[in-house]
1. What relative contact order, as a whole-number percentage, does the chain give when Cα pairs under 8 Å and 6 or more residues apart are counted?
2. Considering only protein heavy atoms, what is the solvent-accessible area of Arg370 at a probe of 1.4 Å, reported in Å² to the nearest 10?
3. May I have the convex hull volume per residue, in Å³, for the Cα set of the range 74-121?
4. Kindly sort His146, His201 by accessible area of their heavy atoms, largest first, with the probe set to 1.4 Å.
5. Treating the beta-carbon of each Lys and Arg as +1 and of each Asp and Glu as -1, no other charges, what is the dipole magnitude of the chain about its Cα centre, to the nearest 20 debye?
6. Would you calculate the separation in nanometres between label points at Ser373 and Ala311, each defined as 7 Å from the Cα along the Cα-to-beta-carbon direction?
7. Where a ≥ b ≥ c are the square roots of the eigenvalues of the C-alpha gyration tensor, would you call the range 121-170 rounded, which needs a/c under 1.5, or, failing that, prolate if a/b is larger than b/c, or oblate?
8. Name the residues whose placed amide hydrogens come within less than 5 Å of the amide hydrogen of Ser83, ignoring near sequence neighbours (fewer than 5 apart) on the same chain.
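The values are calculated or read from the model by the stated rules, or taken from the named source; none is laboratory data. This structure is a prediction, so every number in the text was calculated from the model and none was measured. A quick note on method: Cβ atoms are made from the backbone with ideal geometry, for glycine too, and the neighbour counts reach across all protein chains shown. Surface accessibility is based on the protein's heavy atoms, side chains included, excluding ligands, DNA and RNA. Shrake-Rupley method; radii C 1.70, N 1.55, O 1.52, S 1.80 Å.
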Amino acid sequence: MSHYRPTHSELQAAHLSFVDNDLSKQKLVEVLLNDQSYHIEFNGHLTNHNKHAVIALSGLGASQERIKSFYDNYAIRTPYGYSLETAKMSKHVITQDNWQLYLGKRTSFSSYCQFFDQQEKELGMDELLKRYVPILLPGWAGAFTHATIHLGWALDANSRWMTIEGLAYQAFSYVSCHPEKTFSAMLGGSTHPSILDSLLHIAGLWERDPFEFHNWVETLCSEKNCNMSDGIHPELVRSGLQYRIAKLLTEGHPLIYTSSAWIEDQDISTIWEQLYYAIALLYLAQPGDFVILHLITALHAMEQIAIRMPAKQQKYAVKCFWIGMLCILFSRGEFPKKTALEALNSTYKNSVDAGGIPYEKPEWEETITRAISEEEEHNPKMVYVLRRRWELSGYRSIFRIAATHFTTTPELPKSFETPPTE
């Protein structure tokens, strides 16, 4: 990765002279991913997704005009109705001595960027990632997975500056999933040799007594149990969803921390394949679900991060992802039914689009065209990931079908009627 940053005149060229076709699409994407004009969040804790959309739209073959117009329009008015915020001054100067002190404190993002920028210049990108990512991995689900998405998608796009931002955002939003709590135990008399086995076991327990689990989650996340002693940042209390996720990440549950055989016994490529399949099943069990969609795009991000880690660290990344994924699913107070997942698995486990790309091209073209026209950027991201996985999996039908189920922008909770805490 180069140390390229756009100059002010280059940004102006991208923003003002693009209609004259002065920039190739590749150059446009590079300039936009290097843009430092905006803060990583807006209206408190809402994530700036603009660069994620650029990568997805480019990957789906969107035109230069579409990529540029999306970027400009999103900055003016996001799907939530707010505009992006300009880059912010940092409260603290982040150094090698104090960088871990402010993890999850939601402070000094720009100074974190400066710190990781300087570290990359001294260490190189490979060493930077090897040195800092393992420390940051337990906090991957912070900011509703968006810091991990920012980092992983930056690596996918080979963008140096966006990678720096991703590391900084992970530090800024860090909420640990506590992988150190994991213990080995027999679950229901089974060692659970596959991810699907583990998932079905957990789903079965929820389906057997959904009210017990639901009441436990609602009690845990209730306002009366909201206090600052658990270390959750007050801005996340304002969030609703992110507060619930943070509570589950902090509290956990034995089902979440019980380690199964597959994480040690299977090779890493098989694990990634099974994770994508399992999350696609979850998504089809609740089509268009906004929360599960994030697990799709975050899984792609985590895979991109993990493949740049030493072999031993890759399974640690999987371990953190699994714990965080379950915390996110549990936080909703519901879980997809085992019977629904089993029925979907029966339908799709051996279903392959035998014709591959030529046979399925018209359907994919329709889905991709629809995704490119979307103002809700989560949808082109989801389609980008699932189409890629469809090809890598040998055209398994489940990924093509899942990609047709788009989400909608959720309404913000009433807590947003109060101003941000920051």
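1. Working: 578 pairs, mean separation 82.7, N = 422.
In percent, rounded to a whole number, it is 20.
2. Counting only protein heavy atoms, Arg370 exposes about 110 Å² to solvent.
3. Numbers: hull volume 5.1 nm³, N = 48.
With only Cα atoms used, the range 74-121 gives 106 Å³ per residue.
4. Numbers: His146 10, His201 40 Å².
In descending accessible area the options line up as His201, His146.
5. Details: 38 positive and 48 negative charges, 76 e Å.
Charge dipole, the chain, about its Cα centre: 360 debye, nearest 20.
6. With each label point 7 Å from Cα toward Cβ, the separation is 4.9 nm.
7. Values: a/c = 2.25, a/b = 1.32, b/c = 1.71.
It comes out oblate by the Cα gyration axes.
8. Distant-sequence amide H within range of Ser83: Thr78.
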